[in-house]
1. For the structure I just gave you, tell me whether residue 54 is in a loop (DSSP other than H, G, I, E, B), more than 15 Å from residue 71 (Cα to Cα) and out of contact with any helix residue (DSSP H, G or I) (no Cβ under 9 Å at 6 or more places or on another chain).
2. Can you find, within segment 25-44, the residue that is nearest to the chain's Cα centre (by Cα) among those that are modelled with pLDDT under 95 and not in a loop (DSSP other than H, G, I, E, B)?
3. Just give me the residues in segment 57-81 being within 16 Å of residue 92 (Cβ to Cβ) and in contact with a helix residue (DSSP H, G or I) (Cβ under 8 Å, 6 or more places away or on another chain), in sequence order.
4. For a quick check of your reading of the model, give me the residue pairs whose first member lies in segment 18-41 and is under 17 Å from residue 83 (Cβ atoms), whose second is crowded, with 19+ Cβ neighbours inside 10 Å and at pLDDT below 95, with beta-carbon atoms closer than 8 Å and at least 6 apart or on different chains.
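The values are calculated or read from the model by the stated rules, or taken from the named source; none is laboratory data. Keep in mind that this is a model prediction, so the values were computed, not measured. Virtual Cβ from ideal backbone geometry, glycine too; neighbours counted across all protein chains shown.
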């Protein structure tokens, strides 16, 4: 079983890697990576309370992407093509967090 700090560190590293890969919504500093990691972990861990029934990996990634968008964008209607970047970022984070499930 991973500790919360191990999960946070792994998620933060995934976010930093997404930034290095050119993802504009990942943030650009360690404190941004850690803040996004904390929010992503909380969203990931509460999905069963917010959704009932079986969820596919794609459903979980989409939920995570929407949660990140809603937290960091002032108007989700204006996100447009950046939603693809949120999905990419969510996929990178989900890959790491699913290893700890």
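1. The answer is yes for residue 54.
2. 32
3. 57, 60, 61, 62, 63, 64, 65, 66, 67, 68, 69, 72
4. 36/27
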